[in-house]
Amino acid sequence: MTERGRKALLLAPAGIWLLVMLALPLLVVFVFSFGERGAAGGYVPAFTLEQYANLPARWTAFKNTLILAPLGTIAALVIAYPLAYFLAVRCSPKWRTSLLILVIVPFWTSILIRSYAWIFILGGRGLPALLESIGIDDIRLINTPFAVLVGIVYGYLPLMVFPIFVSLDKLDKRLLEASADLGSTPWRTFRQVTLPLSVPGIATGCMLVFILLMGEFLIPAILGGGKVFFVGNALVDLFLQSRNWAYGSAVAMTLVVVMLVTVSIYMKFISRLGGQREDVSLM
Amino acid sequence: MSVTMQTIAELRGVTKTFGNVVAAKDLNLSIGKGEFLSFLGPSGCGKTTALRMLAGFEKPTEGQVLLDGEVVNDLDAHHRPVNMVFQHYALFPHLSVFDNIAYGLRQQRPRVDKQTIATKVEQALETVRLGGFGPRRIWEMSGGQQQRVALARAIVNEPKLLLLDEPMAALDRKLRKEMQFELQNLQRQLGITFVLVTHDQEEALSMSDRICVMEGGSIVQVGSPRELYDMPRSRYVAGFVGTSNFFDATVTDSAADQITVRLASGQKVHGTPEIPIDAGQEVCVSIRPEQITLTRALPTAEIALPVTIQNRIFLGEHTEYLARNEALGDFHVLVPRQAELNEGTFNAGEQAFVSWGEGALLILEK
Ligand SMILES: Nc1ncnc2c1ncn2[C@@H]1O[C@H](COP(=O)(O)OP(=O)(O)OP(=O)(O)O)[C@@H](O)[C@H]1O
Ligand SMILES: [Mg+2]
């Protein structure tokens, strides 16, 4: 078999999958977004820009997504990094495996159930009641953007921890000694050696969490109580409830474009951060 | 080390334990300013541990580490005027060659200005013969080049003490020889005190002013290469510094300056041991292969033993023979080219005699 033939064979399964499951549906959505809603819902073929003109009606969902997705990514990073650092650098190998398993244990239960648990924690008889007992009154947590943020960070933390853990685990610990030997304080060693060498993990983790957050709908639906809508919720509503497929398609297409733009800006930023380094991959 | 030499670093009764492993046991050693000292010993004998305590990566469990006359047990590595060349170099993969070498200078407070850094780095690069390699990436450098970058990264800081942990272990034989030569030149040129860790006796012998031989966490003997070679204190040292023939013997008579021992073959020989030995003690005698003479005719030496030639290996300048004596066992004999031309080559199975001159035989602790 020729080299090209072998390459084609390696790529064929994923290629066919992508074509059938991604490219074709995307094309359908693209076509639908120029159509009209049928009388009983669904889609009626047409060519109109009406759906796109109607987008501002869903501006809040876009705004929430574009604020909470990056914010959630950053919050997850801030919480995940020290944890990953501890696991990879400071933790004794004896405990490492057990602690790593603890990080993924939440995945054994559905995110739906875990998010419901948060309803109780953040709800009137949970944290706010606790705060009230120490004299802090009138704190509303559930059904706020804050509740959604908490849910997001909780749900996506492992996805951030693992790539960072891997890059810190790969880090040659002798480099830290070499840095100390050359007169660098522990803090400067962290900034000049550890942090730059964990950029690939940070980049991967952020990318993974951010992309998934842009399409999130479950957590805002449960913890936002219909008040903090994401674009994902708008799509659920448009396709499943009001059955306005044409408008839903326009919203979906817009989300795809927004995502492409933000992700490519992000990639630019990361590749600049990584300089001409060979060891920094973008994803 | 001469008496007048200034001491730059010192270990005083230093012990280091990891759990119940004793990695270093009661080390006492002073290192003179400007000298080239090697720690020599087999794997696991505590060489790296000793070095790491000087660098500040490990704290002694007991005893004191002194630098420039001050106890530095509690001084962190980054505060010590000491630099280390790591066994696997530990170069920063995300930095260029230039930035790797500049790393130490950039940590200094008050800050060193850019121009000075650039000049010093260039100089260091020239010193290790890597001029112009500054902008290169680490992974673009060969093993030998990386080793030189590691060296430059350390010497650019002008440390009081340069520690080298088997810096040449990863290099091939030819390159290692070259680097040994360069390292020695560099040490003379810079006047920095070098402490080298190695398990390669040839390396230690050829490069050091003094060698510190270690065994199982302890220092067994410290001395110049010649002292260790000519006057080893124990069988262990004699075996580690050069090669030798060892035979068991019993002390029959112990006088103040000379003792008499009986070999397993029945002959009695005399010698002056480095350490006090009592009559009746089991000892070991050592004869270096190059100090043995191989002859066809019975020689007139104090002792001559009949042997049968077993094997011959041509080594260029020397020929090595394996000769067997009925009572004592095998002798390794190194015959120089000239002697071989006089006496002619011996063939396997031939009968001959081994003998040695006065002072060639050493009496050692077992
Ligand atoms: N961090 C540590 N924890 C536990 N034991 C250790 C540690 N470091 C060293 N040891 C033990 O201490 C002893 C001396 O080790 P060290 O690294 O000093 O040997 P070495 O002479 O440098 O050997 P090599 O030539 O193989 O590098 C060994 O038995 C080793 O297992
Ligand atoms: Mg070692």
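The values are calculated or read from the model by the stated rules, or taken from the named source; none is laboratory data. What you are looking at is a predicted structure, and each value in this text was computed from that prediction instead of being measured. No Cβ is skipped: glycine too gets one built from the backbone with ideal geometry, and neighbour counts run over all protein chains shown. With ligands, DNA and RNA removed, areas are computed over all heavy atoms of the protein, side chains included. Shrake-Rupley method; radii C 1.70, N 1.55, O 1.52, S 1.80 Å.
Taking chain A as a Gaussian network of alpha-carbon nodes connected by springs under 10 Å, the highest mean-square fluctuation of the residues A:Ile111, A:Ile202, A:Ile136 belongs to A:Ile136. When only the Cβ of Lys, Arg, Asp and Glu is charged (+1, +1, -1, -1), the dipole of the protein assembly as shown relative to its Cα centre reaches about 3040 debye.
Net charge dipole, chain A: roughly 440 debye, given to the nearest 20, about the Cα centre with Cβ charges of +1 for Lys and Arg and -1 for Asp and Glu.
When every Cα-Cα distance of chain A is counted in 5 angstrom steps from zero, the calculated P(r) takes the values 1, 5, 9, 11, 13, 13, 13, 12, 9, 6, 4, 2, 1, 0, 0, 0 percent.
Of all DSSP bridge pairs formed entirely within the protein assembly as shown, close to 75 percent run antiparallel. Identify, among A:Leu159, B:Pro273, B:Thr295, the residue whose Cα sits farthest towards the positive end of the charge dipole of the protein assembly as shown, taking +1 on the Cβ of Lys and Arg and -1 on the Cβ of Asp and Glu, with the dipole about the Cα centre. Positive-end residue among those listed: A:Leu159. Cross-link reach is defined here as a Cα-Cα straight distance under 18 Å, omitting same-chain residues fewer than 8 places apart; for A:Lys170 the lysines meeting it are A:Lys94. Dividing the alpha-carbon radius of gyration of the protein assembly as shown by the rule-of-thumb value 2.2 N^0.38 Å gives 1.45. Rounded to the nearest 10 square angstrom, A:Ser98 shows an accessible area of 60 square angstrom against a 1.4 Å probe. The mean sequence distance of close C-alpha pairs (under 8 Å, at least 6 residues apart), as a share of the length of chain A, puts its relative contact order at 29 percent. For the segment B:91-98, counting C-beta atoms of other chains within 10 Å of every residue's C-beta and taking the mean gives 5.
Computed from Cα atoms, the angle from the helix A:145-170 axis to the main principal axis of chain A rounds to 50 degrees. Across peptide B:55-66, the average count of Cβ atoms from other chains found within 10 Å of a residue's Cβ is 1. Taking every DSSP helix (H) stretch of at least 4 residues in chain A, weighting each as -39,500 (n - 2.57) and dividing the sum by the residue count yields a mean residue ellipticity at 222 nm of -20500 deg cm²/dmol. Checked against a 28 Å cut-off, the cross-linked pairs B:Lys33/B:Lys177; A:Lys173/B:Lys16; B:Lys114/B:Lys160; A:Lys173/B:Lys174; B:Lys16/B:Lys160; B:Lys268/B:Lys366 give Cα-Cα distances beyond that limit for A:Lys173/B:Lys174.
Taking chain A as a Gaussian network of alpha-carbon nodes connected by springs under 10 Å, the highest mean-square fluctuation of the residues A:Arg188, A:Arg243, A:Arg37 belongs to A:Arg188.
A helix-only calculation puts chain B at -7500 deg cm²/dmol for mean residue ellipticity at 222 nm, using -39500 (n - 2.57) for each DSSP H run of at least four residues, averaged over all residues. What segment A:1-151 shows is 67 Å² of accessible area per residue, with the surface traced by a 1.4 Å probe over protein heavy atoms.
DSSP finds beta bridges in chain B, and of those with both partners inside it, around 75 percent are antiparallel. Averaged over the residues of B:82-89, the number of partner chain Cβ atoms lying within 10 Å of the residue Cβ comes to 3. Run through all the Cα pairs of segment B:281-366 and give the fraction in each 5 Å bin from 0, expressed as whole percent. Histogramming segment B:281-366 at 5 Å steps yields 3, 15, 25, 27, 17, 9, 3, 1, 0 percent.
Relative to the longest principal axis of the Cα atoms of chain B, the long axis of helix B:143-155 lies at roughly 70 degrees. Quotient of the Cα radius of gyration of segment A:49-207 and 2.2 N^0.38 Å, N being its number of residues: 1.35.
Rolling a 1.4 Å probe over the protein chains gives B:Lys268 an accessible area of about 110 Å².
Comparing mean-square fluctuations of B:Pro167, B:Pro336, B:Pro273 from a GNM of chain B with C-alpha springs under 10 Å, the top value falls on B:Pro336. Counting every pair of alpha carbons in chain B, the share spaced more than 31 Å apart comes to 48 percent. Considering only B:Pro81, B:Gln146, B:Tyr229, the residue lying farthest towards the positive end of the dipole of segment B:7-235 is B:Gln146, judged by Cα position with unit charges set on Cβ. When the residues B:Ser206, B:Ser234 are ordered by accessible surface, computed with a 1.4 Å probe over the protein chains alone, the sequence from largest down reads B:Ser206, B:Ser234.
When only the Cβ of Lys, Arg, Asp and Glu is charged (+1, +1, -1, -1), the dipole of segment B:1-156 relative to its Cα centre reaches about 380 debye.
Can you give the accessible area of A:Ile134 in Å² (nearest 10), computed on protein heavy atoms with a 1.4 Å probe? Rounded to the nearest 10, the figure is 120 Å².
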